[in-house]
Each structure stands twice: as structure tokens, then as C-alpha cells.
1. May I ask you to list pairs of residues, at least six apart or on different chains, whose Cβ atoms are under 6 Å apart, with the first in the range 29-58 being more than 20 Å from Ala18 (Cβ to Cβ) and the second being aromatic (Phe, Trp, Tyr) and loosely packed, with under 15 Cβ neighbours inside 10 Å?
2. Would you check which residues across the range 155-187 are touching a residue at least 60 places away in the same chain (Cβ under 8 Å), more than 22 Å from the chain's Cα centre (by Cα) and surrounded by 12 or more Cβ atoms within 10 Å (Cβ to Cβ) and list them?
3. How many of the residues making up the range 11-29 are under 14 Å from Gln44 (Cα atoms) and assigned to a helix (DSSP H, G or I)?
4. Quick one: which strands (runs of 3 or more DSSP E) sit completely within the range 158-250 and have at least 1 residues that are among the polar types (S, T, N, Q)?
5. Just to check your reading of the model, which residue among Leu12, Leu76 is outside the structural domain of Ala117 (by TED's automatic domain parsing), under 24 Å from Leu119 (Cβ atoms) and touching a residue at least 60 places away in the same chain (Cβ under 8 Å)?
6. Tally time: how many residues in the range 126-157 are modelled with pLDDT under 85 and either assigned to a loop (DSSP other than H, G, I, E, B) or among the small types (Gly, Ala, Ser) (or both)?
7. If we scan the range 58-66, do we find a residue that is at pLDDT 70 or above and either in the same structural domain as Val190 (by TED's automatic domain parsing) or within 24 Å of the chain's Cα centre (by Cα) (or both)?
8. Based on this model, can you work out whether Gln223 counts as at positive phi, loosely packed, with under 13 Cβ neighbours inside 10 Å and under 22 Å from the mean Cα position of the chain (by Cα)?
Amino acid sequence: MMNATLRRIETLRLIPRAPYWITVSEIVERLDMLDYTVTLRTVQRDLMELASLFPLDYELKGRLYRWRWLENAEVLDLPGMSPQTALSFFLAEQYLFEMMPPYAAVALEPHFNRARAVLNERRSTQLGDWTDKVRVVPESQNLLPPPINQPAADAIYASLLEGKQFSADYRKRGVKTPKHYDAIHPLGLVFRQRVIYLVATVGSHIDPLQFALHRFTSARVEQKPVRCLKDFDLDTYIQGGNFDYLLGDE
């Protein structure tokens, strides 16, 4: 009985949150790696029982069932989130949220929601008052982050994450008509005074340039691998003073 209970807990941990899915076969394989040797039928039966207790979703894709947590499902913590951990998440959300790539913000949102709930449950304690006592004020109005074309940013983040080239339209400072680039090779992102910069090479050129993310008007991931620069290191690049004088178009 204990083994079955632990197996079901591990099964819940293996299931991703929407919009991602995992098939029953993949769950069986991963459980086997955790030393839980079970059949496809057993896991499917476990999942059906768990779906009656937790906000799980499933569909038949071809001949395979696949599963996921509903997007708005509350985070299940084992053990539960402590007030101190909740406070850490709350502070991170207040200070870092605007600098986070959208995929990171979406992934962390359930944890932020859970942290707020934990702190609200403890409003009678000193920790519970923190949500009313912490705010982040920009250094000045001039340093408010410029608006970003979110679909373009999403494509750029995906390219960097997946190691792919991307094509894009980029509007240089003082120019109304965007310039088109067929192949941009992303190397890294740098956050500088509330502005996000992409460090990348263009086409066949090997000299890294900086592009202000808010100046991209469109971007599309290309199914071609990014060209990596030998010995390129983002920390070394920054420490070399390359952001003292920007080598691109803000």
C-alpha cells in the first residue's frame, strides 16, 4: 500500500502544467527510472483515480493518452510552503517580475499565487503584514522599462532557449522603417537599467552586437541551429566594457 501511495505521489510530480503534456508511456518510463516498475494499465488506472481528486486534464492523441495539470491548478507542495519561503517568492515577484521573460513568469505564477495565499492565511502574524509593507519603486520615471512587442520577444526567448536562429524586423533609433534581418544568432540577454539587450551576431558576421529588445517589431524562430562563437563568454564580454559603449542600435 505504501509503495502504491509513493508511486502516485511521484506520478503527480511528473505531470506538467498546461500547456504542456506528458503521455502515459512517458510516465511509465520515468517511474521505471525511479525504481517503480509498473504497467501501462496500472499507471492509467492511477491517473483516473488521481483525476477524481486533483485538477488534472487528459486527452487521447492518436492512440496515446496524455495528461497535464490544469493551467490554474493550485501548486501542490510536499511539504507545504513555509511562510519564510512564501515571503521569498513574494519579494522575488515584486522585484524581478518585470525583468522576467514571459515563459519564466508564466511558470512561476502558480508559485507566486501560492505564496500570496500562504501570507494572506497568516495576516494575524508579523509575516502576514509583509504584503502591505513591501513595494518596489523605479529609480526614476526615465528608467521605466520601455514597452516590448511580446510576440517578438517570445520568439527571441524561444530561439535563445532552443539554440535556434531567428529572423526579425528591427527598428533602429531615429528610423521609422524597420530593417529586416534574415539570420540573427542569439548569444545572450543582458538587463541594463530596466532595458533588455540581446547580444547576437548577424548573418555571416562574427562580431557580437547589442540589440534593444523593445526595438524588435517582429521575430520568427527559424529551424536552423544557432552559430556559436568559439570561446564566447557573456560575463567576459560584459567585463570587457562592451556595454560601456553599445555596439548596436538602441
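The values are calculated or read from the model by the stated rules, or taken from the named source; none is laboratory data. Bear in mind that the values here come from a model prediction, so they are computed numbers and not experimental data. No Cβ is skipped: glycine too gets one built from the backbone with ideal geometry, and neighbour counts run over all protein chains shown.
1. Partner pairs satisfying both residue conditions: none exist.
2. Here is the first cut: in the range 155-187, the ones touching a residue at least 60 places away in the same chain (Cβ under 8 Å) are 155-156, 158-159, 163-165, 170, 172-173.
This time we only want the ones that are more than 22 Å from the chain's Cα centre (by Cα), so: 170, 172-173.
The answer is Tyr170, Lys172.
3. Here is the first cut: in the range 11-29, the ones under 14 Å from Gln44 (Cα atoms) are 11-12, 14-15, 22-29.
Checking the rest, the ones that are also assigned to a helix (DSSP H, G or I) come to 11-12, 14, 24-29.
The total comes to 9.
4. So the answer is 164-170, 195-202, 209-212, 216-225.
5. On the way: Leu12 fails: under 24 Å from Leu119 (Cβ atoms).
Exactly one residue qualifies, and that residue is Leu76.
6. Matching residues across the range 126-157 total 14.
7. First, the residues of the range 58-66 that are at pLDDT 70 or above: 58-66.
Cutting the leftovers down to either in the same structural domain as Val190 (by TED's automatic domain parsing) or within 24 Å of the chain's Cα centre (by Cα) (or both) gives us 58, 66.
Yes, there is a match, as at least one residue in the range 58-66 is at pLDDT 70 or above and either in the same structural domain as Val190 (by TED's automatic domain parsing) or within 24 Å of the chain's Cα centre (by Cα) (or both).
8. Working: at positive phi: no; loosely packed, with under 13 Cβ neighbours inside 10 Å: yes; under 22 Å from the mean Cα position of the chain (by Cα): yes.
So Gln223 does not fit the description; no.
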